[in-house]
Amino acid sequence: MNIQQLEHIIEVVKSGSITEAAYNSHVTQAALSKSIHNLELELGIKIFTRSRVGTIPTEDGKKVIKKAFEIIQKVQELKEEVMLDFDQSYSIKISSSPTVFLATNPLSLSAFKEKYPNVKLSIQDRTIEGIFSDIRSGERDFGLIIYIPAVMEERLNEMEDLVYEPIVEGKLVVCVGKNNKLAFSQYLTIEEVLDEPFVLIEDADWIQFLNTCIDKEGKLEVAISSNDNLIAKKAISEGIGINLGFDFNQKYDPYMTSGKNIVIPLINCNDHHISFGYVYSKKYPLSNTASELLNFIKMKL
């Protein structure tokens, strides 16, 4: 028995096909089949059976596969520890969006890079559907998301291979320009918000949330809409309209820290349990390196 044999059976489980597993493993189909056959002979069991729907694990095979995942994960952890200890290059791939990424403290990334200078970070701008797709396919290590249960819970539950872990729960706040007439308010109600011109971020989940939970009667008057967060922030600062947001992603917003825009608490509208967190796949467990970065993000919030 060797590590490569365990990697082969894991790849067959992920792809559901000997042919595709061989392609992904960069070996011939015959070589992969022989590798698995030799492992079956050594263990004295049949690991897979072939059917019309693909290559299916047997009951004995499921036990072997479970252990194989555990062993490969430990091997990966060992490799990463060695890489980090000896400061060798490694990469972490993240899917997020500009709006969501504002919830992270810039110091978390700089502190991480200071400790691990050769670890490369790749952050890709994606929609929520793109994030889920990236994580499920193994293209990205994890995704940073704003989780809105009212519009996302059912969809996330249907994707049983995904796990969502909250980092911080947030509250809805009102974002206004410093010269807006509402800027001196101690707090605002949703009724007062709906009476003002609105700057709308063009995001499907956000719009669905507004329509189903905030503006049920369709009173919202959209002054300008954009899928570009910077355009929306600039429009708010220039007094074109106001916006709703979450307290956790206003803290490090350049328009907020510079004083161009102001956050005002929203009352009687914070029972939606919205949170900022990360999503990853059970099929592709978080590496030690990715977990370390997440620890930096959590510590700096």
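Can you name the residue in segment 242-283 that is within 22 Å of the chain's Cα centre (by Cα) and among the small types (Gly, Ala, Ser) and is also modelled with the lowest pLDDT among such residues?
Applying the filter and picking the extreme gives Gly245.
What about Lys62, is it open to solvent by 70 Å² or more (accessible area, probe 1.4 Å), free of Cβ contacts under 8 Å to residues at least 12 places away in the same chain and more than 27 Å from Ile123 (Cα to Cα)? It would help to see each step written out before you state the result.
Details: open to solvent by 70 Å² or more (accessible area, probe 1.4 Å): yes; free of Cβ contacts under 8 Å to residues at least 12 places away in the same chain: yes; more than 27 Å from Ile123 (Cα to Cα): yes.
The answer is yes for Lys62.
For Ser51, indicate whether it is hydroxyl-bearing (Ser, Thr, Tyr), open to solvent by 30 Å² or more (accessible area, probe 1.4 Å) and at pLDDT 90 or above. Outline the logic, then answer.
Details: hydroxyl-bearing (Ser, Thr, Tyr): yes; open to solvent by 30 Å² or more (accessible area, probe 1.4 Å): yes; at pLDDT 90 or above: no.
Taking the combined requirement at face value, the residue does not satisfy it.
Restricting attention to segment 109-121, does a residue exist that is aliphatic (A, V, I, L, M), open to solvent by 20 Å² or more (accessible area, probe 1.4 Å) and within 19 Å of Met256 (Cα to Cα)? Step through it out loud before you land on a result.
Quick first cut of segment 109-121, residues aliphatic (A, V, I, L, M) only: 109, 111, 119, 121.
Within this subset, residues satisfying the condition of being open to solvent by 20 Å² or more (accessible area, probe 1.4 Å) are 109, 111, 121.
Filter once more, so that each one left must be within 19 Å of Met256 (Cα to Cα): none.
Looking for residues that are aliphatic (A, V, I, L, M), open to solvent by 20 Å² or more (accessible area, probe 1.4 Å) and within 19 Å of Met256 (Cα to Cα), one finds none in segment 109-121, hence no.
Is it true that Leu188 is within 19 Å of His272 (Cβ to Cβ), at pLDDT 90 or above, hydrophobic (A, V, I, L, M, F, W, C) and open to solvent by less than 10 Å² (accessible area, probe 1.4 Å)?
The answer is yes for Leu188.
Taking Tyr164, is it in contact with a His (Cβ under 9 Å, 6 or more places away or on another chain) and farther than 23 Å from Ile262 by Cα?
No, not satisfied.
Confirm whether Ser96 is under 22 Å from Val279 (Cα atoms), surrounded by fewer than 17 Cβ atoms within 10 Å (Cβ to Cβ) and among the hydroxyl-bearing types (Ser, Thr, Tyr). Lay out the reasoning, then the answer.
Details: under 22 Å from Val279 (Cα atoms): yes; surrounded by fewer than 17 Cβ atoms within 10 Å (Cβ to Cβ): no; among the hydroxyl-bearing types (Ser, Thr, Tyr): yes.
Answer is no for this residue.
Which residues, taken from segment 147-163, are open to solvent by 20 Å² or more (accessible area, probe 1.4 Å) and part of a strand (DSSP E or B)?
Tyr147, Val163
(1) part of a loop (DSSP other than H, G, I, E, B); (2) modelled with pLDDT of 90 or more: which one isn't true of Leu293, the others all being true?
If we test Leu293 against (1) part of a loop (DSSP other than H, G, I, E, B); (2) modelled with pLDDT of 90 or more, just (1) comes out false.
Out of all the residues in segment 263-286, which are assigned to a loop (DSSP other than H, G, I, E, B) and either without any contact (Cβ under 8 Å) to a residue 60 or more places away in the chain or among the aliphatic types (A, V, I, L, M) (or both)?
Ile267, Asp271, Ile274, Leu286 - these are the residues of segment 263-286 that are assigned to a loop (DSSP other than H, G, I, E, B) and either without any contact (Cβ under 8 Å) to a residue 60 or more places away in the chain or among the aliphatic types (A, V, I, L, M) (or both).
Just wondering, is there one or more residues in segment 2-15 that are part of a loop (DSSP other than H, G, I, E, B) and surrounded by 13 or more Cβ atoms within 10 Å (Cβ to Cβ)?
no
Taking Pro166 as meeting all but one of (1) of a type outside the set (A, V, I, L, M); (2) open to solvent by less than 60 Å² (accessible area, probe 1.4 Å); (3) part of a strand (DSSP E or B), write down the number of the exception.
(2)
Among the residues of segment 196-219, how many are open to solvent by 40 Å² or more (accessible area, probe 1.4 Å), in contact (Cβ under 8 Å) with a residue 24 or more places away in the chain and over 23 Å from Glu129 (Cα atoms)?
Qualifying residue count, segment 196-219: 2.
If you take the residues of segment 122-144 that are open to solvent by 60 Å² or more (accessible area, probe 1.4 Å) and acidic (Asp, Glu), which of them is farthest from Glu158 (Cα to Cα)?
Asp125
Hey, could you check segment 227-262 for residues that are under 23 Å from Met299 (Cβ atoms) and outside any helix (DSSP H, G or I) and say which is most open to solvent (accessible area, probe 1.4 Å)?
Lys251
Conditions first: (1) modelled with pLDDT of 90 or more; (2) touching a helix residue (DSSP H, G or I) at 6+ places or on another chain (Cβ under 8 Å). Glu196 passes all but one, so which condition is the exception?
(2)
In segment 107-128, how many are touching a strand residue (DSSP E or B) at 6+ places or on another chain (Cβ under 8 Å) and either within 17 Å of Val279 (Cβ to Cβ) or not in a loop (DSSP other than H, G, I, E, B) (or both)?
Adding up the residues that qualify gives 12.
Test Val174 against the stated conditions and say whether it is under 17 Å from Ala235 (Cβ atoms), open to solvent by 20 Å² or more (accessible area, probe 1.4 Å) and either among the β-branched types (Val, Ile, Thr) or part of a helix (DSSP H, G or I) (or both).
Details: under 17 Å from Ala235 (Cβ atoms): yes; open to solvent by 20 Å² or more (accessible area, probe 1.4 Å): no; either among the β-branched types (Val, Ile, Thr) or part of a helix (DSSP H, G or I) (or both): yes.
Taking the combined requirement at face value, the residue does not satisfy it.
The values are calculated or read from the model by the stated rules, or taken from the named source; none is laboratory data. Small disclaimer: the values here were computed from a predicted structure and weren't measured. We place every Cβ from the backbone using ideal geometry, glycine too, and count neighbours over all the protein chains shown. Just the protein is used for accessible areas: all its heavy atoms, side chains included, with ligands, DNA and RNA removed. Shrake-Rupley method; radii C 1.70, N 1.55, O 1.52, S 1.80 Å.
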